[in-house]
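Taking it in order: structure first as structure tokens, then the write-up.
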Amino acid sequence: MKQQVLILVAVVEVAILIVWGISRKSFKGYFQEQVKSRDTTRPKPTRHDFSIECPADHFAIYIRSGFANVIGPTIGFDGKSVMSPVKNNVRHGLNIAVFDGENGSVENTFYTQNSAQLLIFLQSLRPGLIFLAASFDDVTAPLTDEVRKLFVGMGSTLINSVNHRDGWVFAGSTGTRMKSVFEKQSVNDEKTNVYDGWPVSLEVEGCLPRLTADGSSRVTETSAGS
């Protein structure tokens, strides 16, 4: 009798696992179909090599914001993936990667929804750094007036208009007030949103000039991509 009970329990557990697996697969398929049917301007699939051809004295960059609150953002630099869902180093809120503007080495990666943490992080940055940022879910919580002002100082022209659940991608630099050509914003509007409550995901790619130690560009032109 005891053996029969154990067998019955095992059969029930297997059945539960099978139903759970089918449910997960069905939900994933449903979400993908919803994205496909709603978004006719979907970004390109996540890059694997991030290999953009750039002139000498430039770094190749690629930034993609998150999809709603489901799939995290991706940041690529100089032919390599630096932050992405696959690397499991992105989180809800604002995701940031910082690089040495002369040699391209990774200085730091950072994500937060906390305004105090973000302010301390931004104030600690020295001149001559390349700064890449991407939104995931909502980024407005840490964007105080003081924080937004610091982004303007790195070249942002859209940060002051970023509101609840807007998408945002940005590439700038510290130590210079040159306006960035690597910035996009998608506005959260129920009339135009492609997901339930979120606007379309964004991406930018292109070639960013190397910097000197004081943050000035080594070249006079910046090549922007899509």
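The values are calculated or read from the model by the stated rules, or taken from the named source; none is laboratory data. Since this is a predicted model, take the numbers as computed values, not measurements. No Cβ is skipped: glycine too gets one built from the backbone with ideal geometry, and neighbour counts run over all protein chains shown.
Considering only segment 167-197, state which residues are under 26 Å from Val70 (Cβ atoms) and out of contact with any strand residue (DSSP E or B) (no Cβ under 6 Å at 6 or more places or on another chain).
Once the filter is applied, which keeps residues that are under 26 Å from Val70 (Cβ atoms) and out of contact with any strand residue (DSSP E or B) (no Cβ under 6 Å at 6 or more places or on another chain), segment 167-197 yields Val187, Asn188, Asp189, Glu190, Lys191, Thr192, Asn193, Val194, Tyr195, Asp196, Gly197.
Look at Gly175 and say whether it is over 19 Å from His92 (Cα atoms), at pLDDT below 95 and not basic (Lys, Arg).
So Gly175 fits the description; yes.
Any residue in segment 104-122 that is closer than 14 Å to Leu208 by Cβ and at pLDDT below 95?
no
Are any residues in segment 166-204 among the charged types (D, E, K, R) and closer than 24 Å to Gly153 by Cβ, and if so, which ones?
Those that are among the charged types (D, E, K, R) and closer than 24 Å to Gly153 by Cβ: Asp166, Arg177, Lys179, Glu183, Lys184.
Of the residues that make up segment 185-196, is at least one modelled with pLDDT of 95 or more, in the same structural domain as Val90 (by TED's automatic domain parsing), under 17 Å from Phe77 (Cβ atoms) and of a type in the set (A, V, I, L, M)?
For segment 185-196, residues modelled with pLDDT of 95 or more, in the same structural domain as Val90 (by TED's automatic domain parsing), under 17 Å from Phe77 (Cβ atoms) and of a type in the set (A, V, I, L, M): absent.
Can you name the residue in segment 157-181 that is farther than 17 Å from Gly101 by Cβ and among the hydroxyl-bearing types (Ser, Thr, Tyr) and is also surrounded by the fewest Cβ atoms within 10 Å (Cβ to Cβ) among such residues?
Ser161
Only one of (1) surrounded by fewer than 16 Cβ atoms within 10 Å (Cβ to Cβ); (2) closer than 28 Å to Asp196 by Cβ; (3) in contact with a Pro (Cβ under 8 Å, 6 or more places away or on another chain) fails for Gln117. Which number is that?
Result: Gln117 fails condition (2) only.
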